[in-house]
Amino acid sequence: MTQPGGMLNDTIASAFRHSRGYLDTASYGLPARQTARALESTTGAWEHGELVLSEIDAGVERMRVAFAKIVGSRPADIALAGSTSQVVGMVAASLPDGAHVLVAEEDFTSMLWPFATDPRLTVTRVPLDRLVESVRSGVDLVAVSAAQSRDGRVVDLDALADRAGVAGAKTVVDTSQSAGWLPIDSTRFDVVVASGYKWLTTPRGLAFAAVRPEAFWVRPVCASWYGADKPWEHLYGATPELSADSRRLDTSPPWQLVPAGVAALELLASHSIGQAYAHTSGLADLFRQELGLRPAGSAIVSIPAEPCDLAAAGIRAAERAGRVRVGFHIYNDEADVRRAVTALRPVLAAAV
């Protein structure tokens, strides 16, 4: 096998327990040691009534800083949420009656349903490979995942941003399956959202959105007390005192999860996303090469096989759309590729 490019530094490589054969990050990411310790410590503090909420507030700001670095944004442009669908739902609710929304027809439902269930909107579904060319005058918003959940296909983000700019279309991009390994310039899009529990390796229940200042049209549909610049000073009363920046879209943080979220995001933000891309997509393309497939530049691979074909070899993967889906992250290495290739070669040969 040829070594994939992009060497990660030793600090990152040693931060995770090596769970040999875990190739299911697209379902949920594994925590680094310090992330797991932070979650355990906070649970103990909660059990004994010793949570310090001011420290947790400071942790929220640290998460904004780290996520901003990961997606190429500013901390002031980062909003805190609980899920991707919550953010996409705010975007959908903020559009005017009759707005025309363009989506990829096989995208994850959290990107599709907030628009499809809103009777005020006109939704056009096209294949992913025709999405960019379908952005034209009359399209009010384009919504798409940067990397597809079902098979890892990656949209040409630069081409999408260019085309949307010419057409005057707003944009929302879901990076739940890509933030942490795919270099992203979130300043080119109105909203870039990510659930943290996959490639960002936070606990489930944390999500983040980079909302550029020009996207003030996104309304705080789920307006929360935490959307104020000084939330503890605005706990009561009917007059909104929401922040002027993206914090206005915040929902209240899950206190027990914040310290672990800080540990996870700051670890990822401490290394080059370009190196993470070279490492993860390099392993995935090596995997493809060994199985006679073309390189794709994505950390996610979809194979015509069954999860049980891999489970017998001690490999954890998922089934999506009748195929096995594997995903490579910074805690995987070439040994994981070898094990998966060895398990799949006879299966794929028998299917020919």
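The values are calculated or read from the model by the stated rules, or taken from the named source; none is laboratory data. Since this is a predicted model, take the numbers as computed values, not measurements. Positions of Cβ are generated from backbone atoms using ideal geometry, with glycine treated the same way; all protein chains shown enter the neighbour counts. In case anyone asks, the SASA skips ligands and DNA or RNA and just uses the protein heavy atoms, side chains included. Shrake-Rupley method; radii C 1.70, N 1.55, O 1.52, S 1.80 Å.
Across all directions, the average projected area of the convex hull around the alpha carbons of region 104-212 is 6.7 nm². Between Arg20 and Trp46, the modelled labels are 3.4 nm apart [label points 7 Å from Cα along Cα→Cβ]. The dipole here belongs to region 169-212: it is taken about the Cα centre, uses +1 on the Cβ of Lys and Arg and -1 on the Cβ of Asp and Glu, and is about 60 debye. Shape class for region 89-144: oblate, because the ratio a/c of the largest to smallest gyration tensor axis (alpha-carbon atoms, square roots of eigenvalues) is 1.5 or more and b/c is at least a/b. For region 50-150, GluC sites (Glu not before Pro) are listed when DSSP marks them as loop and at most 10 other Cβ atoms sit within 10 Å of their Cβ; the list is Glu50. Whole-Hz Karplus values for region 191-204 come out as 9, 10, 10, 8, 6, x, 7, 9, 6, 7, 6, 8, x, 5 Hz, taken residue by residue from phi with 6.51 cos²θ - 1.76 cosθ + 1.60 and θ = phi - 60°; glycine and proline positions read x.
Rounded to the nearest whole Hz, the Karplus-based 3J(HN,Hα) values (6.51 cos²θ - 1.76 cosθ + 1.60, θ = phi - 60°) of region 315-321 follow the sequence 10, 9, 9, 10, 9, 9, 6, with x at glycine and proline. Taking region 203-265 as the region of interest, what is the percent of Cα-Cα pairs per 10 angstrom bin, listed from the shortest bin to the one with the maximum distance? That works out to 20, 46, 31, 3, in percent per bin. The mean accessible area for residues of region 6-92, using a 1.4 Å probe and ignoring ligands and nucleic acids, is 47 Å² per residue. Protein heavy-atom surface of the chain, 1.4 angstrom probe: 53% of the accessible area is carbon and sulfur, with nucleic acids and ligands not counted. Computed extension length for Glu55-Asp97: 10.9 nm, one decimal, from 0.36 nm per residue of separation with the Cα-Cα distance subtracted. Based on Cα contacts under 8 Å between residues 6+ apart, the chain shows a relative contact order of 25 percent.
If the reach is capped at under 21 angstrom between alpha carbons, list the lysines near Lys198, excluding any in the same chain fewer than eight residues apart. Straight-distance partners of Lys198: Lys69. Since only Phe67, Trp232, Ser27 are under comparison, the one whose Cα sits farthest along the positive direction of the charge dipole of the chain, derived from C-beta charges on Lys, Arg, Asp and Glu, is Ser27. The charge dipole of the chain, taken about its Cα centre with unit charges on the Cβ atoms of Lys, Arg (+1), Asp and Glu (-1) only, comes to about 580 debye. Dividing the helix sum by the residues of the chain, where each DSSP H run of 4 or more adds -39500 (n - 2.57), gives a mean residue ellipticity at 222 nm of -10500 deg cm²/dmol. Reducing region 292-314 and region 25-95 to their Cα centroids gives an inter-centroid distance of 30 Å.
Inverting the pair-averaged 1/r between distinct Cα atoms of region 25-136 gives 17.5 Å as its Kirkwood hydrodynamic radius. Legend: translational diffusion of region 178-337 by Stokes-Einstein, Rh = Kirkwood radius over C-alpha pairs, 25 °C, 0.890 mPa s; D = 133 µm²/s.
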